[in-house]
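Below is one structure, written out as structure tokens; comments come after it.
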Number of protein chains: 6
Amino acid sequence: MDNWLPTLITATPSEGYDLAVKLARIAVKKTQPDAAVRERLREVYEADANALIAVSQVVATHFATIAHANNHWRDA
Amino acid sequence: MDNWLPTLITATPSEGYDLAVKLARIAVKKTQPDAAVRERLREVYEADANALIAVSQVVATHFATIAHANNHWRDA
Amino acid sequence: MDNWLPTLITATPSEGYDLAVKLARIAVKKTQPDAAVRERLREVYEADANALIAVSQVVATHFATIAHANNHWRDA
Amino acid sequence: MDNWLPTLITATPSEGYDLAVKLARIAVKKTQPDAAVRERLREVYEADANALIAVSQVVATHFATIAHANNHWRDA
Amino acid sequence: MDNWLPTLITATPSEGYDLAVKLARIAVKKTQPDAAVRERLREVYEADANALIAVSQVVATHFATIAHANNHWRDA
Amino acid sequence: MDNWLPTLITATPSEGYDLAVKLARIAVKKTQPDAAVRERLREVYEADANALIAVSQVVATHFATIAHANNHWRDA
């Protein structure tokens, strides 16, 4: 995972949103590096409404950062 | 869901708020792609005060981003 | 609820705070459109300290957005 | 509570912090207007670590807004 | 605690971080003024992973404010 | 831990993200200084989906600050 995030610039808000989803996941990966454990946890939170809403909150926070980086795509 | 979010610009704050609600939902969709599971979870959190407040928090975060993108509709 | 939010501009911080409270409630309304269910949930969270604090958090997030929109009422 | 919040400007960061504490409490008041119920809830959350941390989070969010309004008291 | 917070300006990000930790604690102090109760609660949350993460979230929010106040120490 | 954080400037977003992970952990360290206790807690939250998502939220908040400090690496 050397330079896995070379830039926050994306062509569209849609791509920016996808990047936000990715950023939300990476912190989990860096805190729990064991892929087998993560897979097991994923099965749990995918079926838990509160966990999904919490994931959505993390995505919202990253999306704000990415939108800012892209000048909110106002020039697009 | 290719370019499902072409812009963050909306005509009014009301429309910006609706977009925030949409953005909050998309993260759940991307984390739990199975519509049947989501429908079942929706029945749960729609009747749970804490879950509804948590959804409202995600919407608030996205609304901040969208308001910023629209220069807080000050020119409207 | 067509154009229920024509502007984020308010005359005073007090009115801006009231608008933040309103924005926090609207997301609940849009997620749970049944007024009878919302009334029942309201009775629950009105008597729950953690839920009230969580509502206060949502209001704080919206108030930040509204304050920003009003240039923090510095010109008032 | 007509114009209970005429301004976000404070002389010092300390006063700004006190205002943030006040703003955090007002949302609870507006959601649960019954002072007797609030008093009972207060006894609960005052002795609950998680609730106190959650209150501190709300205060932090309001303090950010107030600091912004005061240009972070850089000119003080 | 008259003017306990005369400024948000710090010499380094490290000191800014320490100030953020302090600000997170003050809200708890102002909500629960009894030092003996706070000490008892501290023993609880110090050994609770979720509480520690929640504290870290409050610190992160205050650190953002302090970093902003210090122009992110870019001139340092 | 004297001047453990001399700057928020990083060469790339990837490095900025790593710094955000570090900042999230430091608050835990400062609140619970006993390394043995932290190690025991780590084993708990590493296997808990909700705790991992909460950590990811803290990282997202710090990443926003660091991205801002680096002008979102737009000049990179």
* May I ask you to verify whether C:Lys22 is charged (D, E, K, R), closer than 29 Å to F:Thr61 by Cβ and either touching an Asp or Glu at 6+ places or on another chain (Cβ under 9 Å) or within 7 Å of another protein chain (Cβ to nearest Cβ) (or both)? => no
* Asked: So which of D:Ile53, D:Ile66 ends up being of a type in the set (Val, Ile, Thr) and either surrounded by fewer than 19 Cβ atoms within 10 Å (Cβ to Cβ) or within 18 Å of C:Val21 (Cβ to Cβ) (or both)?
  -> D:Ile66
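So which residues in segment A:59-76 are under 16 Å from F:Leu52 (Cβ atoms) and more than 8 Å from chain B (Cβ to nearest Cβ), if there are any at all? So that I can check it myself, show each step before the final result.
Quick first cut of segment A:59-76, residues under 16 Å from F:Leu52 (Cβ atoms) only: A:59, A:61-62.
Residue satisfying the conditions is A:His62 alone.
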* Within segment E:26-34, can one find any residue that is outside any loop (DSSP other than H, G, I, E, B), over 11 Å from D:Ser56 (Cα atoms) and not aliphatic (A, V, I, L, M)? -> no
* Quick one: in segment E:3-19, which of the residues that are free of Cβ contacts under 8 Å to residues at least 24 places away in the same chain and more than 7 Å from every other protein chain (Cβ to nearest Cβ) is surrounded by the most Cβ atoms within 10 Å (Cβ to Cβ)? -> E:Asp18
* Asked: So which pairs qualify, if the first residue must be in segment B:36-52 and within 7 Å of another protein chain (Cβ to nearest Cβ) and more than 15 Å from A:Ser56 (Cα to Cα), the second must be β-branched (Val, Ile, Thr) and open to solvent by 30 Å² or more (accessible area, probe 1.4 Å), the Cβ gap must be under 7 Å, and the two must be at least 6 apart or on different chains?
  -> B:Ala49/C:Val44
* Return yes or no: is C:Val58 without any contact (Cβ under 8 Å) to a residue 24 or more places away in the chain, within 19 Å of B:Glu46 (Cα to Cα) and not hydroxyl-bearing (Ser, Thr, Tyr)? => no
* Structure fact -> Checking C:Ala11, C:Ala47 in turn, the sole residue that is under 30 Å from B:Val44 (Cβ atoms) and part of a loop (DSSP other than H, G, I, E, B) turns out to be C:Ala47
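Conditions (1) touching a Ser or Thr at 6+ places or on another chain (Cβ under 8 Å); (2) in a helix (DSSP H, G or I), marked per residue:
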| residue | (1), (2) |
| --- | --- |
| B:Glu15 | no, yes |
| B:Arg38 | no, yes |
| B:Glu43 | no, yes |
| B:Ile53 | no, yes |
| B:Phe63 | yes, yes |
| B:His72 | yes, yes |
| B:Asp75 | no, no |
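The values are calculated or read from the model by the stated rules, or taken from the named source; none is laboratory data. None of the values given here were measured: they were computed from a predicted structure. Cβ: placed from backbone, ideal geometry, glycine included. Neighbour counts: every protein chain shown. SASA here: full protein model, heavy atoms, side chains in, ligands and nucleic acids out. Shrake-Rupley method; radii C 1.70, N 1.55, O 1.52, S 1.80 Å.
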